[in-house]
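One structure is given below, encoded as structure tokens.
Where a number appears in this text, it was derived from the coordinates with a stated rule and is not lab data. Predicted, not measured: the structure shown is a model, and the values here were computed from it. No Cβ is skipped: glycine too gets one built from the backbone with ideal geometry, and neighbour counts run over all protein chains shown.
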Amino acid sequence: MAENYSSATRPVRVRFAPSPTGPLHIGGVRTALYNYLFARRHNGTFILRIEDTDRNRFVPGAEQYIVESLKWLGIHFDEGVVNGGPHAPYRQSERKPMYRQYAEELIKRGNAYYAFDTTEELEAMRKRLEAAKVAAPQYNYITRSSMKNSLTLSEDETKKRLDSGEPYVIRIKIPRNEEVRFHDIIRGWVVVHTQSLDDKVLFKSDGMPTYHLANVVDDYLMQITHVIRGEEWLPSAPLHVLLYRFMGWQDMMPQFAHLSLLLRPDGNGKLSKRDGDRLGFPVFPLDWKDPVTGEKSSGYREQGYFPEAVVNLLAFLGWNPGTTQELFTMEELVETFTLDRVSKHGAKFDPEKARWYNRQYLIRKPNEELADIFLQVVKAKGVPENLVNRDYTAKVCGLIKEKAYFTSDFWDIGGFFYIPPAAYDNSVIQKKWNDHLHSFFAKLKHELDNPSCNFTAQSIEAVIKSLAAESGISPGSVMQPFRVIVTGMAAGPALFETMELLGRDEVVKRIDAGLIRIEASSTT
Ligand code: GLU
């Protein structure tokens, strides 16, 4: 479906603008992905900007984590902290000297003011308002008139305080009685009355802008056409719209698209950073260890997810193509993704579906590629040298992958291809074994050992069926015991193909061993 963004006559430029305050949550990854898909689809530019103006919340390693996560997922940037670009630097702390002039310009235009209130004074105001039963005490169009700022102090007094180096902040002067409207691509028209907004701090005397000022100034300077970000920023959007207006940048105002939240599997609230390990699935792309507390959180990569699967499942958390197709490569997503199919309702995270996605990609992986991964495990298990073999292992992978979700499941499912079973699934033996079966398998062993059986899946099946008919037992009753004797397990990959791959000598040996073992256990 074609999207018409005629109001954006400029070439599409979008940004992902995380704050390096910790590991990137998968909700953030989804935001990055949607920006990326949108940029690619519109032949636009995708920018990575690091919003690190809040030094108190800065976490070492978080930026590297963000970069590595997105690289792993194949979400590539055209400009940003890694690749540079025409608007460098892309880290806000390095852009610090650029912001002051805009804060001062806003003061000059009468849309912002200096405020000198101390923490204690602000606290006292809050208490006063609480005592007066004001539900949400704010520094706003009412309270600012009784606080210590350049609106209430004389020009001289303000100047004196500034000259003497007294700490201050610059606050936006929210208009008293106006409606701020903007059109959100996902939510439609959003209308907010200025009475519900507070005079947010834009700039601090240490020379650092706050998120709001830096974010809007940079979106303007970097010529951003669309701001695609999480719903948690929707309440800030009216303030941002006002800043565009106050600065006279209306023509450059981006279109907004606020993405709905990712919800817990039960739909009860937002999927938080803590939920993952608590509910048994990762909420981060990569493992993370908190540099201060040492607390560890698990990531999709280390849990054995393929990046393609993670991209696919995240794309579907809040978007759908309007068809029944569920598997999309990144290229297909670029061709298909449109913001008008992004839901405005929260998307429930479904851990089972996440595993399902991984299985789909696992099944579609070439066996040789899987063999390279699995061989590492095989080697570590101390398997006989002749079986540490890529061709053999590729065939094993071909048989077992349908039964797995992750390559880490392979050993449990297919370890018997390398090492004979040390024990049997006893429930099957106890339930199904009898003297008839015993003599059946003794005969079967001889038939399979006979060179006239060429030991293909087909011939093995034919031998079993005819022998079963001869012995007067149903073929169905021998299949599972056969599997258990050879593999140790009651279920597994296609039976006859498994036997063919194990090879005549090994199968015959295992039947022999099985007969002896079962015999021994039944006489004890
Ligand atoms: N720095 C903000 C964040 O951490 C960016 C919000 C936005 O995209 O405007 O999510």
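Once you have the alpha carbon radius of gyration of segment 59-152, what is it after dividing by 2.2 N^0.38 Å, with N set to its residue count?
Values: Rg = 20.8 Å, N = 94, 2.2 N^0.38 = 12.4 Å.
Normalised Rg, Cα atoms only: 1.68.
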Problem - segment 141-283 - Rg (one decimal) and Dmax (whole number), Cα, Å - result: 19.0, 62
Completion exercise
Quick calc, the chain, dipole around Cα centre from Cβ unit charges on Lys, Arg (+) and Asp, Glu (-), nearest 20 debye, gives 1000 debye
Fill in the blank from the handout: Sorted largest first, the Cα spans of segment 302-436 on the principal axes come out in Å as 65, 37, 25
Exercise for the section: Using all C-alpha to C-alpha distances in segment 123-206, build P(r) with 10 Å bins and read off the rounded percent in each one. Expected result: 15, 36, 31, 15, 3
Practice task
Please report, to two decimal places, log10 I(q)/I(0) for the chain at q = 0.08, 0.11, 0.13 Å⁻¹ as given by the Debye formula with identical point scatterers on the Cα atoms and no solvent.
Solution key: -0.68, -1.00, -1.25
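When Lys and Arg each count +1 and Asp and Glu each count -1, what net charge do the other residues less than 15 Å away from VAL180, Cβ to Cβ, add up to? Kindly include the intermediate steps, with their values, before the conclusion.
Numbers: positive: LYS173, ARG176, ARG181, ARG187, LYS200, ARG245; negative: GLU178, GLU179, ASP184, ASP198, ASP199.
Result for the local shell: +1.
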Fill in the blank from the handout: Semi-axes in Å, largest first, for segment 399-524 (Cα gyration tensor, √(5λ)) are 22, 18, 13
Handout entry: Rg/Rg_ref, segment 172-216, where Rg_ref = 2.2 N^0.38 Å and atoms are Cα
Key = 1.42
Problem - Calculated P(r) tail over 24 Å for segment 361-460, as whole % of Cα pairs - result: 42 percent
Handout entry: Taking all pairs of distinct alpha-carbon atoms in segment 205-253, Kirkwood radius in angstrom
Key = 11.4 Å
